[in-house]
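J.: Below are the structure tokens for one structure; questions will follow.
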Amino acid sequence: MESKTTNRVIEDVSALRFAQVRDLRIAYREGGVGRDAVILIHGLCSATFTWQDVFETVATRHRTIALDLKGYGASDKPASDYHLDTQADVVLGLMDELEIERVALVGNSMGGAIALRVAARWPDRVTRLVLADPAVYSSHLRSRLVRWLLGWNGWLGRVTAFHTLRLLARSPSFIESRMREIYGRMETITPERVAAYHRLLNDPACQRAIVATLQAWDLRAVERDLHLVHQPTLIVWGRHDRLIHPHFGERLVRDLPQAELKFLDCGHAPQEEMPIEFARLVNDFL
């Protein structure tokens, strides 16, 4: 196979820029030139480095920005308000700060849900969408489990989840075991990648943001407003995604007015597992 990942993980703050988005300092990486802009939006428990193996390829054709969402990576991590629409506000605010009038959005997992919210709420600002294994439907089993585990008692659920996550995140072996459930191609799980996610998830402020995100988790608006998303959309799904089953991709291509679906032989993170193929699909579509 042609796919190839790199052991180099970009976490150095010197590789990032910062923008003041309302009351938040948001970190982002920027490259490329051109009139057409692309923003890459990571998923839960991730950061800009998830795009490291596709960033330069996309940037050969487009002005390309990858941001750390509120609560993740090098961005500010306040204690509260991690609703999907709040993260959509962050994306729009970054666009305004960077004077980007219209943009194509590429989102993985939770990032796909955020991209859909931006497209539905500000349709004139979004030209196209690429959704990689996006979280969309409330009927998804893991979405129901999140609401059940954290929603039954807000304060107690949050405290219990935070302390559990803090203990588990101390162990690189635990993180590697979770990655083996997420990725479909085990060669993606290099020591460098495990170490990068360990550093990310071992930050108590990020842990609190993750728990707050899960407690605010609600995909009903994403699903409800799919009919408002008229932008041409490419859906890319890993055939071996065990986190969100590929049949949700088949459902989504029917529910979006202008969508096409492509499958890759990977798991939940095609940008990390099959970066050459994924970047080619993105560039060909955009």
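The values are calculated or read from the model by the stated rules, or taken from the named source; none is laboratory data. What you see is a predicted model, and the numbers here were worked out from it, not measured in a lab. Ideal geometry is used to build each Cβ from the backbone, glycine not excepted, and the neighbour counts take in all protein chains shown.
J.: Quick check on the stretch 6-37: of everything there that is surrounded by 14 or more Cβ atoms within 10 Å (Cβ to Cβ) and in a loop (DSSP other than H, G, I, E, B), which residue is modelled with the lowest pLDDT?
T.: Checking each candidate, the answer is ILE10.
J.: Please verify whether GLY43 is at pLDDT 95 or above and in a loop (DSSP other than H, G, I, E, B), treating the condition exactly as stated.
T.: Yes; evaluated as a whole, the condition is true for this residue.
J.: Looking at (1) of a type in the set (Gly, Ala, Ser); (2) modelled with pLDDT under 95; (3) assigned to a strand (DSSP E or B), which is the only condition ALA66 fails?
T.: (2)
J.: What number of residues within the stretch 241-286 satisfy the criterion of being assigned to a loop (DSSP other than H, G, I, E, B) and over 24 Å from VAL222 (Cα atoms)? Steps first, answer last, please.
T.: Filtering the stretch 241-286 for residues assigned to a loop (DSSP other than H, G, I, E, B) gives 241-246, 256-258, 265-269, 274, 286.
Filter once more, so that each one left must be over 24 Å from VAL222 (Cα atoms): 265-266, 274.
Within the stretch 241-286, residues that are assigned to a loop (DSSP other than H, G, I, E, B) and over 24 Å from VAL222 (Cα atoms) number 3.
J.: I've got another one for you. Among the listed residues ARG185, ARG178, ARG193, which satisfies the condition of being among the basic types (Lys, Arg), touching a helix residue (DSSP H, G or I) at 6+ places or on another chain (Cβ under 6 Å) and surrounded by 13 or more Cβ atoms within 10 Å (Cβ to Cβ)?
T.: Only one candidate qualifies: ARG185.
J.: Right, something else. Being buried (at least 16 other Cβ atoms within 10 Å of the Cβ) and in a loop (DSSP other than H, G, I, E, B) is the filter here, so list the residues in the stretch 223-239 that pass it.
T.: Selection gives VAL229, GLN231, PRO232.
J.: Just give me the residues in the stretch 64-87 being buried (at least 24 other Cβ atoms within 10 Å of the Cβ) and of a type in the set (A, V, I, L, M, F, W, C), in sequence order.
T.: ILE65, ALA66, LEU67, LEU69
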